[in-house]
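A.B. asks: Quick one: this structure, given as structure tokens, is what I'll be asking you about.
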Amino acid sequence: MTSSTPRSDVISSTARRRAIVAGSVGNFIEWYEFGIYGFLATILAAQFFSDGQQTGIESLIATYASFAIAFFFRPVGAALFGRIGDRIGRKPTLILVLVMMSGATALIGILPTYASIGIAAPILLTIVRILQGLSAGGEFGGAVSVMTEFAPAGKRGFYGSWQSFTVALGLLGGAGTVALLASLLSEADLAAWGWRIAFLLAIPLGAVALFLRLKLEETPEFQKVATADTTTVAEPVVRAGAAETAKAILLGIGRLMGWSAAGYTFLVVMPSYLQSSLNASFQEALISTVLANAGFAATILPAGWLSDKIGRRWVMLTGTGLIVILALPLLNVLQNPDLGVGVHGLAVFVAGAVVGLIAGPGPAMLAEMFPTSVRYTGLGLSYSISNAVFSGSAGLIITSLIASTGNVDVPAYYVMATCLVSAIAIGTLRGNAHRAELRK
């Protein structure tokens, strides 16, 4: 091996900290935006998808359809930026997707509404959502690659869990921003123009994130592969075949689908569900969402740390199993108005906490499934396809099924079914996979 090839045992602690911060900051912005879109769904439905002739549920379904479209462009972004990230490096690719995401989010804040330009308004919003989907698809694979490839031995679960933790922070940041705007503004002002502020905040957030990513170093694992490609002396790199990679991606999707479905159902879709199906106020729905995301955040880092000790399999199986058991009882608690605010708050906190048990070890589990040469692409496609099918469609599926069946238990059945399948896929994990080195 040449002397220029980086070694994991000489990576500075500063470089490792920068990897966590720079990898996390893009996730924060991404999920802040997706959070505020979900939390403001009822307002966006009236502003962009209503001509005054539709019912509230019809315009809300249209809003979630636009929400789902962005998710279905995530796999395209994952394939595009994953390929770039595996060829030219994690750092430049992550800078590119950050600029795209921040710019597209800020653009929503200045788009004209249906009242101003008619049918062009929802079309423009959908186009911007597609740009966000493309950039978001390129974010996860790069961020998790950076975190896990910089992680010291025995700490990949903890390092990777920061990706999920900043998802929780982004959703909390979005919920907190919307809650603050709702408390400072009247309902009329929030609906008329106040919602724009939440999206325009992407400008300063993006500027800070860009500064941090410009200081990021390229990962040692990628540099080893790049060295092997340009010298005959360096340690040879075994390239993964297309069939092997595709099989790993499909397995990754199976392992993630419960996390995707439960995460978005409990953490993002819940506000609109509470308002449209259980007649909760806007403020009550937001408070419930903040508590759910607080529970989510509380368990992520401990779950990642624990998975480094006892393995990813048992921690993630615990999370999926608890969701299958608790989803319906927790939803029934929310549906009972006699139980009081405290009990309702505890129910949504617990719902978020059990999702965190899957999300904590999840990024490291995925990183360990792919070799360095396709890790960015494999991570991104597994995550984005799972999210496209089981997260992006969650609001649309749940809202449509409730509207057609009148059954308000639909959210619980949806997450129970997906988590049951995930538990089977997670059960195929080798118990000692967390102790092995990342695949070269």
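The values are calculated or read from the model by the stated rules, or taken from the named source; none is laboratory data. As the structure is a prediction and not an experimental result, all values here were calculated from the model. For the accessible areas, the whole protein counts, side chains as well, though only heavy atoms, and no ligand, DNA or RNA atoms are used. Shrake-Rupley method; radii C 1.70, N 1.55, O 1.52, S 1.80 Å.
A.B. asks: Working with all protein chains in place, sort 434, 344 by solvent-accessible area computed with a 1.4 Å probe, largest first.
C.D. replies: Greatest to least solvent exposure: 344, 434.
A.B. asks: If you don't mind, there's one more thing I want to ask. Which of (1) 4, 21, 28, 23, 13, 7, 3, 1, 0; (2) 4, 17, 21, 18, 17, 13, 7, 2, 1, 0; (3) 5, 23, 33, 24, 11, 3, 1, 0 is the computed P(r) over Cα pairs in 10 Å bins from 0, in percent for the structure on display?
C.D. replies: Read-out taken from this structure: (3).
A.B. asks: At 0.36 nm per residue, and after removing the present C-alpha to C-alpha distance, how many nm does the segment from residue 332 to residue 200 gain when stretched out fully?
C.D. replies: Length gained, residue 332 through residue 200: 43.8 nm.
A.B. asks: Which semi-axis lengths, in whole Å and largest first, follow from the square roots of five times the eigenvalues of the Cα gyration tensor of the stretch 355-398?
C.D. replies: One finds semi-axes of 23, 14, 5 Å for the stretch 355-398.
A.B. asks: Past the 26 angstrom mark, what percentage of all C-alpha to C-alpha distances in the stretch 281-440 do you count?
C.D. replies: Counting every Cα pair in the stretch 281-440, those more than 26 Å apart make up 33 percent.
A.B. asks: While we're here: Lysines near residue 91 by alpha-carbon distance under 24 Å, same-chain residues fewer than 8 away left out - which ones?
C.D. replies: Candidates past the 8-residue exclusion: 155, 215, 224, 440.
A.B. asks: For 221, 244, write out the residues from largest to smallest accessible area, computed with a 1.4 angstrom probe and no ligands counted.
C.D. replies: These residues rank, largest area first, as 244, 221.
A.B. asks: In addition: Which whole number of Å³ per residue matches the convex hull of the alpha-carbon atoms in the stretch 9-157?
C.D. replies: With only Cα atoms used, the stretch 9-157 gives 109 Å³ per residue.
A.B. asks: I'd like to verify something in the chain: which complete DSSP H helices, judged by Cα projection on the helix axis, reach 18 Å or more and average at least -0.5 on the Kyte-Doolittle scale?
C.D. replies: The qualifying helices are 13-39, 56-72, 74-88, 90-108, 120-150, 156-184, 242-264, 282-310, 312-335, 340-359, 372-390, 410-426.
A.B. asks: So, one more: Cα centroid distance between the stretch 163-203 and the stretch 338-411, in Å?
C.D. replies: Using only Cα atoms to place each centre, the spacing works out to 21 Å.
A.B. asks: On to the next question. Round to the nearest 10 and report in Å² the accessible area of residue 83, as given by a 1.4 Å probe over the protein chains' heavy atoms.
C.D. replies: 130 Å²
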